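The values are calculated or read from the model by the stated rules, or taken from the named source; none is laboratory data. Given the structure is predicted, the values throughout are model-derived calculations rather than measurements. When we count neighbours, we look across all protein chains shown, and the Cβ atoms used for this are built from the backbone with ideal geometry, even at glycine.
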Amino acid sequence: MTGIKSDFRNSNSYFVGVTVDHEILTLHEVDKEATVKLISTIPVVCKKRSDCEVGVQLSSNCEKLMVDKCALAIKPSDWNPSRGQAEVPIKMTLQEDNMVKNNQDCFIKMTPLPSGVGSEWTGATIPAVKLHTVDNVKPGLCSATGDPHITTFDDTRYA
């Protein structure tokens, strides 16, 4: 018996995995903070216990980067069924060091560490975030040539 053939149709594409909302981010030394969202379209489903999670290890080569948490976790309670995803924010700032340096490109690497969840998390990867740091300190010269002839780094003169 021959089946009835229909027209070929493509289904809508759907990304399955973990990503970030900004893979490249510029952060100025004087900015208050920036936020990168970790977005998972894989739900966290506990296999046997009720306290499972996917921990996320953060590592970075950014000298002045400060994040609001030492460790992140994607939990079942983070899942938003109407959006079909979980979002976990990562808030970050740059430490102001008042030193004149060149702008720097560095990376924030995130490694998922599943605990008590199904095999759907095996081999999951998260893209690194490239962070372009901008140094806002302007170079200046402070000098004193005799008493009381002083010029400060912001070019204020005292005589």
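Things to note:
- Within the stretch 7-32, the set of residues being in a loop (DSSP other than H, G, I, E, B), modelled with pLDDT under 85 and under 30 Å from Glu63 (Cα atoms) comprises Glu29, Val30, Asp31, Lys32.
- Within the stretch 22-59, if we keep just the residues that are under 15 Å from the mean Cα position of the chain (by Cα) and without any contact (Cβ under 8 Å) to a residue 60 or more places away in the chain, the residue that is farthest from Asp135 (Cα to Cα) turns out to be Ser40.
- Residues satisfying the stated conditions in the stretch 88-120, i.e. under 25 Å from Ile24 (Cβ atoms) and in contact with a helix residue (DSSP H, G or I) (Cβ under 7 Å, 6 or more places away or on another chain): Val88, Pro112
- Scoring Cys70 on the criteria (1) of a type in the set (A, V, I, L, M, F, W, C); (2) within 30 Å of Gln104 (Cα to Cα); (3) touching a residue at least 24 places away in the same chain (Cβ under 8 Å); (4) in a loop (DSSP other than H, G, I, E, B) leaves a single failure, condition (3).
- Whichever residue in the stretch 5-25 is in contact with a Pro (Cβ under 7 Å, 6 or more places away or on another chain) and surrounded by 13 or more Cβ atoms within 10 Å (Cβ to Cβ) and, among such residues, is farthest from Met92 (Cα to Cα): Val18
- Which listed residue is in contact with a strand residue (DSSP E or B) (Cβ under 8 Å, 6 or more places away or on another chain), at pLDDT 90 or above, of a type in the set (Ser, Thr, Tyr) and closer than 25 Å to Val36 by Cβ, from Thr125, Thr133, Thr93: Thr125
- Within the stretch 26-79, considering residues that are touching a helix residue (DSSP H, G or I) at 6+ places or on another chain (Cβ under 8 Å) and aliphatic (A, V, I, L, M), the one surrounded by the fewest Cβ atoms within 10 Å (Cβ to Cβ): Val45
- When the residues of the stretch 45-71 are filtered to those that are at pLDDT 90 or above and of a type in the set (A, V, I, L, M, F, W, C), the one that is nearest to Gly118 (Cα to Cα) is Val54.
- Of the criteria (1) surrounded by 11 or more Cβ atoms within 10 Å (Cβ to Cβ); (2) farther than 30 Å from Ala159 by Cβ, which one Ala144 fails: (2)
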